[in-house]
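A.B. asks: Here's a structure for you.
The numbers here are math on the coordinates, done by the rules we state, and not lab data. The shown structure was predicted, so the numbers you read here are calculated from the model rather than taken from an experiment. We place every Cβ from the backbone using ideal geometry, glycine too, and count neighbours over all the protein chains shown.
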Amino acid sequence: MTLPTPDYAKNIRLIGHSDQGGRPDALQVMVHRGFAYVAHPWSQGFSIIDVRDPKNPGETVFVPAPPNTWTIHLQTHDDLLLVIHARDLFADAAFAVDEKVYYTKSVGETVGTAAGRVSRNWSAGMAIYDISKPTAPRQIGFFPVEGVGIHRIWYVGGRYAYVSALLDGYSDYIFLIVDLQDPTKPVEAGRWWIPGMHLAGGEQPTWGEGRRYALHHGLVEGDTAYACWRDGGLTILDIADKSAPKLITHRNWSPPFGGGTHSALPLPKRDLLIVADEAVLDHEEDGRKRTWIFDIQDKANPISISTLPTPSEADYTAKGGHFGPHNLHENRPGSFVSDTLIFATYQNAGVRVFDISNPFEPKETGALVPAAPERMVDKRANRPQVIQSADLFVDANGIIYSTDYNAGLAIMEYEG
């Protein structure tokens with residue numbers, strides 16, 4: 001197989017590529033027991049790719065989504081696969097013309113169902129599959145919600161999954177804990193939201209127009225959840241009592257910075273927290289987005305001590321598409337786990353690796369910008385044909401798997 005030539009590479013080598021069975025669009029990726037599970041934003045479902053030989057990806061199995069339904073995020077652990085179900089918002093007329101609407105307005109108010117403005121013709125909740133046979137997933141349970149649905153999940157085994165859910169009566173996605181003691185019959189265990197989001201409870205937003213307070217997802221370490229709320233910043237929650245999460249602290253640096261707080265990665269052995277703000281508009285219209293390093297020796301008082309360096313070897317602002325942070329490799333059990341190396345996607349600037357041995361002076365030690373997609377799968381109007389590296393997973397052998405909205409699965413080896 002001839003591999004597409006990267007636009008730029010430093011200490012990372014492209015070793016494999018998959019067009020994902022002819023559906024090259026993907027958002028989240030998990031690699032589990034030698035198979036890559038990729039979630040499609042436009043192809044309406046998810047795929048399972050044999051990557052036991054990462055240089056020669058094999059068979060792809062596609063699992064279609066229900067009609068009008070997003071299945072853009074998923075999680076794997078042991079014999080379970082958890083997949084989100086939500087309204088396909090990119091297909092909605094409210095977001096089809098201008099992506100700014102999705103990122104700057106409350107989704108619950110734009111397409112809310114509680115007031116009967118829209119009949120629900122999609123699946124909302126979380127599907128649970130048995131993947132003891134990786135290429136033959138078997139759905140064994142479903143956690144339904146009333147509303148737009150679930151956006152993202154954090155699950156690394158055990159009794160509980162942690163999800164962002166947009167429920168009827170709320171302005172946008174909130175933090176929900178799901179009890180999976182019986183995975184065939186999941187039930188809600190607890191919830192938390194930023195005051196002002198519970199519209200049905202009489203609350204009113206205080207953050208004004210043009211800003212979106214919405215949980216992207218929370219990453220859990222022990223009894224602490226580190227949750228990112230887009231323009232609402234970061235909350236650190238005590239979840240020892242799953243039925244009643246408690247706020248430890250809430251930090252928001254938007255304004256003066258541009259918001260989009262997306263992903264948090266705790267490094268507990270070093271009392272550090274990495275937090276990425278997602279770039280959500282073309283040509284940095286939403287401002288320069290950064291990935292922050294916080295000292296969290298005192299969880300009630302996180303202190304920002306530095307930011308990861310911004311890619312600068314090309315004019316990525318002018319390139320087209322989004323330039324800036326998106327996702328972080330999340331040190332999941334069984335994957336590559338490091339307290340000093342941070343792996344991240346930077347959209348039109350590809351995949352980046354940073355050494356934070358000295359957290360006050362982080363350094364970029366690797367980069368690979370994949371080639372532009374051969375064709376566009378993204379159905380939105382006027383999207384540029386450039387790479388938009390969306391998510392990544394680093395397996396226990398240090399092999400990087402990175403998705404793109406249009407360009408398939410890039411498989412890389414870090415040489416730094």
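A.B. asks: Tell me what the chain gives for mean residue ellipticity at 222 nm when only DSSP H runs of n ≥ 4 count, each as -39,500 (n - 2.57), the sum divided by the residue total, rounded to 500 deg cm²/dmol.
C.D. replies: Computed ellipticity for the chain at 222 nm equals -500 deg cm²/dmol.
A.B. asks: Of the residues R383, R23, R212, which exhibits the maximal mean-square fluctuation in a Gaussian network model of the chain defined by a 10 Å Cα contact cut-off?
C.D. replies: Per the Cα network of the chain with a 10 Å cutoff, R383 tops the list.
A.B. asks: With the cut-off at 1.5 for a/c, could you classify segment 128-175 from its C-alpha gyration tensor as rounded, prolate or oblate?
C.D. replies: prolate
A.B. asks: Something else about it: So how far, in whole Å, is the C-alpha centre of segment 244-269 from the one of segment 115-166?
C.D. replies: Using only Cα atoms, the two centres lie 24 Å from each other.
A.B. asks: So which of K100/K289; K55/K319; K100/K379 end up more than 19 Å apart, counting from Cα to Cα?
C.D. replies: In this structure, K55/K319 exceed 19 Å between Cα atoms.
A.B. asks: Further question on the same structure: Hey, what do the phi angles of segment 49-65 turn into as Karplus ³J(HN,Hα) couplings, whole Hz, using 6.51/-1.76/1.60 and θ = phi - 60°, x for Gly and Pro?
C.D. replies: Working through the residues one at a time gives 10, 6, 10, 4, 10, x, 7, 9, x, x, 4, 10, 10, 10, 10, x, 8 Hz.
A.B. asks: Quick one: what does P(r) look like for the chain with 20 Å bins over all Cα pairs, in whole %?
C.D. replies: Result returned by the calculation: 28, 63, 8.
A.B. asks: Same structure, new question: Taking amide H positions as placed in the peptide plane 1.01 Å from N, state which residues far from F35 in sequence (5 or more) or on other chains have amide H under 5 Å from it.
C.D. replies: V51
A.B. asks: Now a separate question. Find how much the distance from T135 to N56 grows on full extension, using 0.36 nm per residue of separation minus their present alpha carbon separation; answer in nm with one decimal.
C.D. replies: 26.7 nm
A.B. asks: In nm, to one decimal, how far is the D79 label point from the F360 one, both placed 7 Å along Cα→Cβ?
C.D. replies: Calculated label separation equals 5.2 nm.
A.B. asks: If I stretch the segment between D19 and K100 completely, what's the gain in nm (0.36 nm per residue apart, minus their alpha carbon distance), one decimal?
C.D. replies: Taking 0.36 nm per residue and subtracting the Cα distance, the gain is 26.3 nm.
A.B. asks: With a ≥ b ≥ c taken as the square roots of the eigenvalues of the C-alpha gyration tensor of segment 103-239, please select rounded if a/c is under 1.5 and otherwise prolate if a/b is larger than b/c or oblate if it is not?
C.D. replies: oblate
A.B. asks: Have a look at Q28, Q297, Q75 and tell me which one the Gaussian network model of the chain (Cα, springs below 10 Å) gives the largest fluctuation.
C.D. replies: Largest GNM mean-square fluctuation: Q297.
A.B. asks: Would you look at the GNM of the chain, springs on alpha carbons closer than 10 Å, and say which of A396, A124, A214 moves the most?
C.D. replies: The residue that fluctuates most here is A396.
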